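One structure below.
The values are calculated or read from the model by the stated rules, or taken from the named source; none is laboratory data. Note that the structure is a prediction, hence the values are computed from the model and not measured. All Cβ positions, glycine included, derive from the backbone under ideal geometry; neighbour counts span all protein chains shown. All accessible areas refer to the heavy atoms of the entire protein, side chains included, with ligands and DNA or RNA removed. Shrake-Rupley method; radii C 1.70, N 1.55, O 1.52, S 1.80 Å.
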Amino acid sequence: MTAALETSTRSAFRLQRDGDSAILWFDLPGKVNKFSSAVLSQLDDSISALESESGIKVLVIASPKPGMFIAGADLEEFRTITTGDEASKFVRRGQEVFTRLWKLPMVTVAAIDGVCLGGGTELALNCDYRVMSEHPKAQIGLPETKLGIFPAWTGTTRLPRLIGIPAALDLILTGKTLDGRRAQKVGLVDEVVSSSVLVDVARQLGARKGKKRGLESDRTHFYVEGNPLARKLVFSKARSAVREKTGGHYPAPLAAIDVMEESYSSGYQAGLRAEVREVIKLAMGDVASSLVRLFFMMEESKKERGPAPKEIRSAGVLGAGLMGGGIAQAIVDQAGVDVRMKDINWQALAGGMKSASKIWKKKVERRRMTRGEMARKLSRITTTIDWSGFENVDVVVEAVLEKLEIKQQVLRDFEAIGRQDAIFATNTSTIPIGRIAAASARPENVVGMHFFSPVDKMPLVEIIRGERTSPQTVSTISAFGRRLGKTVVVSEDAPGFIVNRILGPYLNEAGYLIQEGNSVESIDKAMVSFGMPLGPLALLDEVGIDVAGKAGEILNEAFGERMPPSKLLQSLLADKRFGKKNARGVFLWKEGKRTGVDPSLYPLLGLGNPKEGKRDAMIERMVLSMVNEASRVVDEKVAASAADVDLAMIMGTGFPPFRGGLLRHADRLGVRFVAERLRALEAEQGIRFRPSPAIERLVAEGKSFYEAYPVRQG
Ligand code: NAI
């Protein structure tokens, strides 16, 4: 290599010449390369410099950051955009700079050695070729629709011309990312090599292949892309699939389809204009604003708080049941930590191993891992019926039966043999951490770590801080939860913690609605149309009526008249209906799938033929009952902020992300309006709807939830 040629001392870009080739290094200060307006201008300057350089035949664009090519646009800046004009300027600027890149006279090759998302992928699309490394973090994709927008820096117009319309739709509409091999398969990258030779291979490939002519590639097939009728069919199918999947709540994928269609019917330039026009509408709308906020809430939740966490190098799991097996699997798979799993008999342990291996088997079937990898991972969970191997673990996650005495007993037994500083994290769903910790000689090491079922699918873990839990224990277990790939929300030690406490009144209200003669289907359909992934009654069967019953008892004990258990739960339990687990519940079950409402349900409840309930009125009752309880949760500081409640509800129950969360939804309705409706419902339905003192106070102060309960830094 010859001496480096600096384009600008302050630029994130550095041009390094080497004979008739050059490398443009993108290295923004910090861990992440991203495009703000300022960085786009710096790229623009580098392109000007390249235009006036002579003798460069091949230009490789690369990043020196390990595992990071370009993460996309700078969302911090995107978030500050408030007018259509500003948005339009930002979008056009990206298009202009990338188009200039595409028009450079030399061959351009993106050398992707890590994360390549959104604007990063669009930069790569405006190079002649793309070479990707086998770095474990190397992923390429266009996740914009997950933020309520679509790729508008040429991506939506350009991608289908490179890889064909069907493959481009698949990537843009789902926002999924691909590793090198998959990306090569669909034609998005030209070669996949190891990191050590990436830049050299990129340079050689550019020299070998020469400047690309035109936009199209051999991946586009004339009978789809060149045939208006076939295109129409593909686009209309894609629209129906999106509507079916999103219930029409997410406008971005539909807008992306419109833009793609327009770019084919009216040409490339028209496509770029349509990108600007359509993305601005989305960027200014509520859905994008909710999804971008959610992105920042997730980022906020990843920040470490309190004392530096201790490292977890080994773990134990107590109880190999439904939860224990899944937790052990997650610890090995996500954190790469060995697990010692204990139960009271070998049969239960075999069950736990089976549920862990089932999760890995699915990955093998989807070609996400090899059989060899699966065998190696499985061997990292060892099993025992005594305490051998627990002497040195850094943490045990306790998932034995939901009985206080048993939990206290295993805690005492563990403390007798475990290390002084080992953490005892209980997965209890209902028992106060303080009560379990009462049996402990070291209560500062006892904490709640509440996973949701099924562990491999549910992205939330509530960390529950007992009265005597030390800040170090909270920060260590929070960091451990994040290492397991989970979103972590800290809850104080109060009945039902955050999620189950808010779900309590919601499920109860569904029970009341049935008792009033509304059909199960109409109740569930109403909430699905609101955007929940599952209706409340289907949810009840899924989580287990026994589990919900136990949680209901605890809530009733704690909150009395506000949460009287609905008759529905009692009747189902008296009839030994536990839901999915015993294939008897509100629904009929066959081979683990719901097949329809059990017709014997209504006679069991002493009801005649049900009626179709009024959708909007039912949604209002179920949603406001949650809002009312959530207002107490945040006012009592069980959750630290309105954003924490929303994050927990989105991640723990699937509360519709496009609404930004439960309290954001309430803020959009207006707290005054919420209070008025609650008062009206109180008059109609009774005291359970009385607005909480917190809501009344917000009305008096004229504040929203997010204003009254902001995220506190530090
Ligand atoms: P489960 O009944 O499937 O498993 C419990 C296991 O603990 C059984 O295999 C049992 O043999 C074992 N066990 C009993 N006494 C033991 C002892 N002294 N030492 C070691 N193992 C012992 O129960 P599941 O559903 O896995 O629940 C476990 C815990 O997780 C409970 O505290 C529950 O409240 C909590 N939880 C459950 C959720 C669910 O959806 N099932 C969700 C979140 C938390």
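Between the residues Ser48, Leu294, Leu411, the greatest Cα displacement towards the positive end of the dipole of the chain, with unit charges on the Cβ of Lys, Arg, Asp and Glu, is found for Ser48.
In the chain, what % of DSSP beta bridges are antiparallel (nearest 5)?
Numbers: 21 of 72 bridges.
Taking every DSSP beta bridge with both residues in the chain, the antiparallel ones total about 30 percent.
Between the Cα long axis of helix 671-685 and the first principal axis of the chain there is an angle of about 30°, rounded to the nearest 10.
With θ taken as phi - 60° and the Karplus curve 6.51 cos²θ - 1.76 cosθ + 1.60 applied, the whole-hertz 3J(HN,Hα) list for the range 109-119 is 9, 8, 10, 9, 10, x, 4, 9, 10, x, x Hz, x standing for glycine and proline.
For the range 452-538, applying the loop criterion from DSSP together with a ceiling of 14 other beta carbons within 10 Å to the trypsin sites (Lys or Arg not before Pro) yields Lys457. Counting only alpha carbon atoms, the long axis of helix 545-559 and the longest principal axis of the chain meet at about 70°.
Evaluate the charge dipole of the range 407-534 about its Cα centre and quote only its size in Debye, nearest 20, assuming +1 on the Cβ of each Lys and Arg and -1 on the Cβ of each Asp and Glu. It would help to have the intermediate numbers written out before the result.
Numbers: 13 positive and 13 negative charges, 92 e Å.
For this selection, approximately 440 debye.
A straight chain from Gln685 to Asp170 at 0.36 nm per residue would run longer than the Cα-Cα distance by 180.7 nm. Listed cross-link partners Lys550/Lys581; Lys486/Lys550; Lys245/Lys525; Lys34/Lys303; Lys31/Lys303 are compared with a 21 Å cut-off, the Cα-Cα value being larger for Lys486/Lys550. Amide H to amide H distances under 5 Å link Val317 with Arg340, Met341, Lys342, Val397, where only residues 5 or more positions off or on other chains count and H is placed in the peptide plane. Label point of Lys457 set 7 angstrom out along Cα-Cβ; within the range 483-509, amide nitrogens under 19 Å from it belong to 485-487, 500.
Computed about its Cα centre, the charge dipole of the range 471-576 is approximately 460 debye, with only Lys, Arg, Asp and Glu carrying charge at their Cβ. Site pair Gln269 and Leu404 shows an inter-label distance of 7.7 nm when each label is modelled 7 Å from Cα along Cα→Cβ. Taking 0.36 nm per residue of separation and subtracting the Cα-Cα distance, full extension of the segment from Arg10 to Lys637 would add 221.2 nm. Each label point was placed 7 Å from the Cα along the Cα-to-Cβ direction; for Arg208 and Arg100 their separation is 3.2 nm. The residues of the range 55-142 expose on average 34 square angstrom of accessible surface per residue, using a 1.4 Å probe on protein heavy atoms.
Between Glu521 and Glu373, what FRET efficiency follows from the Cβ-Cβ distance if R0 is 41 Å, with the result rounded to 0.05? Before the final figure, lay out each step's value.
On the way: r = 43 Å, r/R0 = 1.06.
Plugging the Cβ-Cβ distance into 1/(1 + (r/R0)^6) gives 0.40.
Its DSSP H runs of at least 4 residues, each contributing -39,500 (n - 2.57), put the calculated 222 nm mean residue ellipticity of the chain at -15500 deg cm²/dmol, to the nearest 500. If the chain linking Arg412 and Arg313 were pulled fully straight, counting 0.36 nm for each residue of separation and taking away their Cα-Cα distance, it would gain 33.4 nm.
Once you order the gyration tensor axes a ≥ b ≥ c over the Cα atoms, which shape class does the chain get: rounded for a/c under 1.5, otherwise prolate or oblate by comparing a/b with b/c?
Values: a/c = 1.93, a/b = 1.50, b/c = 1.29.
It comes out prolate by the Cα gyration axes.
With each label modelled as a point 7 angstrom along the Cα→C-beta vector, the Met298-Ala230 pair spans 3.6 nm.
Any of Lys342/Lys576; Lys614/Lys637; Lys354/Lys403 with alpha carbons more than 27 Å apart? Name them for me. All intermediate terms of the calculation are to be shown ahead of the outcome.
Working: Lys342/Lys576 29 Å; Lys614/Lys637 35 Å; Lys354/Lys403 24 Å.
Violating the 27 Å Cα-Cα cut-off are Lys342/Lys576; Lys614/Lys637.
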